[in-house]
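Colleague: This is the structure I want to talk about, given as structure tokens.
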There are 2 protein chains.
Amino acid sequence: MGGSVVTEPRLHMEIAQQPVVLQGLLNEGRSAIERLAREIKQRGIAHVLIAARGTSDNAGVYAKYLLSTATELAVGLAAPSLYTLYNRPPRLTRDTLVLGISQSGMSPDIVAVLQNAREQGIYTAAMVNNTASRMAEAAECVVPLAAGEERAVAATKSYTAQLMAVAMLAAALSEEERWWQELELVPQAVRAALDLEQVLARRTERYRFMDQCVTVSRGYNYATALESALKIKELTHTSVTGYSAADFLHGPISIVRNGYPVMTIACQGPTMDSLRQLIGRLGEAGAEQIIVTDDADTAAPAELKLVLPVAVPEWLSPIPAIIPAQLLGYHLALAHGLDPDNPKGLDKVTETR
Amino acid sequence: MGGSVVTEPRLHMEIAQQPVVLQGLLNEGRSAIERLAREIKQRGIAHVLIAARGTSDNAGVYAKYLLSTATELAVGLAAPSLYTLYNRPPRLTRDTLVLGISQSGMSPDIVAVLQNAREQGIYTAAMVNNTASRMAEAAECVVPLAAGEERAVAATKSYTAQLMAVAMLAAALSEEERWWQELELVPQAVRAALDLEQVLARRTERYRFMDQCVTVSRGYNYATALESALKIKELTHTSVTGYSAADFLHGPISIVRNGYPVMTIACQGPTMDSLRQLIGRLGEAGAEQIIVTDDADTAAPAELKLVLPVAVPEWLSPIPAIIPAQLLGYHLALAHGLDPDNPKGLDKVTETR
């Protein structure tokens, strides 16, 4: 208080808190999530419509893939402007769950999706960190993310808590204890992933003048590609775009030239073969490769090898796999001389050139 | 034949064919689309799952918005890897239509979504240009796009035909003749938009060394932002990312510095106010603005003003509004010395730097 005491940035603290947050959610959150799973079964829910924005929307992409593979639910993402600008929301069927995902629970357009669902008599749930929010009020079933206050502008612990809550919902719907045993591996895998900070603190300066980049993955980790892009973009004002590997191969790969930076997230599972093929093509094109993987061999072609020390089953891999991009974004913000807690604070500075 | 006769690039011919293609689809395609609309009503369809990739996926985004506002159908986009890599497709309910959208009808993952739906006993339809394709075979109801053979790698006339077919389906579902009267305005509006080539041929060189760019819109024209990004990226190997204005304001706008190029697509309707606000913020940030609009005043802050000469009702505006990006992509490919018919042919050339 008063004076220029150097304090640890909130962002760094929040990144470091993730193993504890995730363990806490696993221990304390199971009963709320099992209650939601029972409602889904008793109500014969077949469709899930997810309402989310920004980082939470990326957790929604994970839910779209995981809830389908785990439970065969048909999952879609809401288009909020249908509610707010056009005032013509879709008519939902009684076998639909509308699921809000949010840190703050305050985004009016997302709250509008839940409120409209309730007016239609549709069952609603919210996975939300701030349980004193309008979203929590609007939803019939509230799953607290219990990540603690998140003050840095760039969301980190609330994102992994959202992924964890979605994964726990899949486990609860599966009704197989094995899924819960696998979930127990996650906090330790995230703790191990945090050790990559040693590499990243040393190597990040290389990317100080990188002005664009793409991030690519597929399947469950398509969410990781999108969130990695958003994190680096938010923290460093660099133009980063996330792709599904399949979409990337259908055209955008043409932007890759010699030295062009590409971050590929490739974890062991059904998507691995296609991602290794992509890594091969990127190598031929002379790309500067950053590879996040749980398999050391896969990282071999990379200039920056980010090997997750502890592998988890593929359906859980997006939780540890986002840690490297969080840390890279943090160190890159420092290298840029930006405040990692509020990188957008610099928006109003007009650069001369 | 034989020798180096200079011929008009296929891409340019296909762009120019669009008014005729759209008029033809409007005249000849109505009965097939009305048949599909009758099936949707008789079967009590409430959900639509769209399967598409690349450019056709952008037509799917238009369908997601338009079919909801026009008919209250709940529309989602399929995740093909659930079918092909994970072999765990969602279980669909009987009130679902699976709609494939494609030029070639040959992408195996998209065909797999339709085939799986038929195995589940779910009604399927395909809006497809190549009616001798596997997708046309897989679907119960085929809506031919009738755009004629498309040979340029970058899709243009098949995209606007897809938008037209979706718009005609909305009209058929509305059962109001007024919608069909509005559709009749489209071919002329597209023909008028093609006149912007005079401006673009003259001004495009300014962007020869643009190495990144973003495209932004909202609502129906969110599809236009995505497709504009894809077109310029495919044709010029430039890093272009399309955003919804709402998502863009939730973080990525921080990348906009003095001189940063942003293309905003702002047509008259409920999204206009928010897009004009965005244009104001971009002006304060010193962005280099490219503005596609049907309202001359809105274009005033732009360095490159692309004013559509004929306005159509907002629900149809994405059809003329994509023309400027098609023409900009074409002229930018020429400025780069790339073959506009096959820009990816240069993929294998390794640049030295």
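Colleague: For region A:163-169, take each phi angle, set θ = phi - 60°, evaluate the Karplus expression 6.51 cos²θ - 1.76 cosθ + 1.60, and give the result in whole Hz per residue in order, putting x for glycine and proline.
Modeller: 4, 4, 5, 5, 5, 5, 5
Colleague: At 0.36 nm per residue, minus the direct Cα-Cα distance, what do B:R178 and B:N342 gain on full extension? Give it in nm, one decimal, please.
Modeller: Values: separation 164, 0.36 × 164 = 59.04 nm, distance 4.09 nm.
Residue separation times 0.36 nm, minus the Cα-Cα distance, leaves 54.9 nm.
Colleague: Right, here's the next one. On a 0 to 90° scale, report how tilted helix B:55-71 is relative to the longest principal axis of chain B, with both axes built from alpha carbons and the result rounded to the nearest 10.
Modeller: 60
Colleague: Then there's this: With +1 on each Lys and Arg Cβ and -1 on each Asp and Glu Cβ, how big is the dipole of chain B about its Cα centre, in debye rounded to the nearest 20?
Modeller: Around 680 debye, computed over chain B.
Colleague: From the label point of B:M13, set 7 Å along Cα to the beta carbon, how far off in nm is each other copy's matching point, shortest first?
Modeller: 6.7
Colleague: Could you list B:D339, A:D294 so that the one with the fewest beta carbons within 10 Å of its beta carbon is first and the one with the most is last? Before the final figure, lay out the partial values.
Modeller: On the way: B:D339 17, A:D294 24.
Going from sparsest to densest Cβ surroundings: B:D339, A:D294.
Colleague: Just flag the GluC sites (Glu not before Pro) in region A:166-228 sitting in loop per DSSP whose Cβ has no more than 12 other Cβ atoms within 10 Å.
Modeller: Passing sites in region A:166-228 are A:E175, A:E176, A:E184.
Colleague: Could you tell me which chymotrypsin sites (Phe, Trp or Tyr not before Pro) in region A:198-293 are loop residues by DSSP with no more than 10 other beta carbons within 10 angstrom of their beta carbon?
Modeller: A:F209
Colleague: Work through the residues other than B:T264 whose Cβ is under 11 Å from its Cβ and net out their charges, Lys, Arg +1 and Asp, Glu -1. Present the calculation step by step, with values, prior to reporting the outcome.
Modeller: Values: positive: B:R218, B:R276, B:R281; negative: none.
Charge balance near B:T264 sits at +3.
Colleague: Which entries of B:K41/B:K305; A:K64/A:K231; B:K157/B:K305; A:K233/B:K64 show an alpha-carbon separation above 32 angstrom in the structure shown?
Modeller: Numbers: B:K41/B:K305 43 Å; A:K64/A:K231 21 Å; B:K157/B:K305 23 Å; A:K233/B:K64 27 Å.
From B:K41/B:K305; A:K64/A:K231; B:K157/B:K305; A:K233/B:K64, over 32 Å: B:K41/B:K305.
Colleague: For region A:10-184, restrict the atom set to alpha-carbon positions and state the Rg and Dmax in Å.
Modeller: 15.2, 45
Colleague: Could I ask something else about it? Using the charge dipole of chain B (Lys, Arg: +1 at Cβ; Asp, Glu: -1 at Cβ; taken about the Cα centre), state which of B:Y330, B:L114, B:A74 has its Cα farthest towards the positive end.
Modeller: B:L114
Colleague: Please report, in debye to the nearest 20, how large the charge dipole of region A:10-184 is about its Cα centre when each Lys and Arg carries +1 at its beta carbon and each Asp and Glu carries -1 there.
Modeller: Charge dipole of region A:10-184: 460 debye, to the nearest 20.
Colleague: Can I ask one more? For a quick check: with amide H placed at 1.01 Å from N, whose amide H comes under 5 Å from B:G100's, ignoring anything fewer than 5 positions away on the same chain?
Modeller: For B:G100, whose amide H was placed from the backbone, the distant partners under 5 Å are B:A51, B:A125, B:A126, B:M127.
Colleague: Using θ = phi - 60° and the Karplus form 6.51 cos²θ - 1.76 cosθ + 1.60, what ³J(HN,Hα) does each residue of region A:142-149 get, whole Hz, x for Gly and Pro?
Modeller: Residue by residue, region A:142-149 yields 10, 9, x, 7, 6, 8, x, 4 Hz.
Colleague: Would you kindly work out, in nm and rounded to one decimal, the distances from the label point of B:A300 to those of the same position in each other copy, ordered shortest first, with label points 7 Å along Cα-to-Cβ?
Modeller: 6.3
Colleague: Considering only the other residues whose Cβ falls under 14 Å of the Cβ of A:E303, what net charge follows from Lys and Arg at +1 and Asp and Glu at -1?
Modeller: Here the charged neighbours net out to +2.
Colleague: Whole angstrom only: what separates the Cα centroid of region A:42-68 from the Cα centroid of region B:109-152?
Modeller: Using only Cα atoms to place each centre, the spacing works out to 27 Å.
Colleague: From the phi angles alone, apply the Karplus equation (6.51, -1.76, 1.60; θ = phi - 60°) to region B:105-116 and give each ³J(HN,Hα) in whole Hz, x where the residue is Gly or Pro.
Modeller: Going residue by residue, I get x, 10, 5, x, 5, 6, 4, 4, 5, 5, 4, 4 Hz, with x marking Gly and Pro.
Colleague: How far is B:L185 from the same spot in each other copy, in nm, shortest first, if each label point sits 7 Å from Cα toward Cβ?
Modeller: Relative to the other copies, B:L185 has label-point distances of 5.9 nm.
Colleague: Counting only residues 5 or more places away or on other chains, whose amide H sits under 5 Å from the amide H of A:V75 once H atoms are built in the peptide plane?
Modeller: Residues meeting the criterion, in which the H sits 1.01 Å from N, are A:V48.
Colleague: Report the normalised scattering of chain B as log10 I(q)/I(0) at q = 0.15 Å⁻¹, calculated by the Debye formula with identical scatterers on the alpha carbons.
Modeller: The Cα Debye sum returns log10 ratios of -1.30.
Colleague: Counting Lys and Arg as +1 and Asp and Glu as -1, what is the net charge of the other residues whose Cβ lies under 11 Å from the Cβ of B:I290?
Modeller: Charge balance in the 11 Å sphere: +1.
Colleague: In chain B, which residue puts its Cβ closest to the axis that turns chain B onto chain A, and how many whole Å away is it?
Modeller: Nearest residue, distance rounded to whole Å: B:G76, 1.
Any read-out appearing in this document is the output of simple, stated calculations on the displayed coordinates, not a laboratory observation. Predicted model only: the values in this text are computed from it and were never measured. Every residue, glycine as well, gets a Cβ built from its backbone with ideal geometry; the counts of neighbours run over all protein chains shown.
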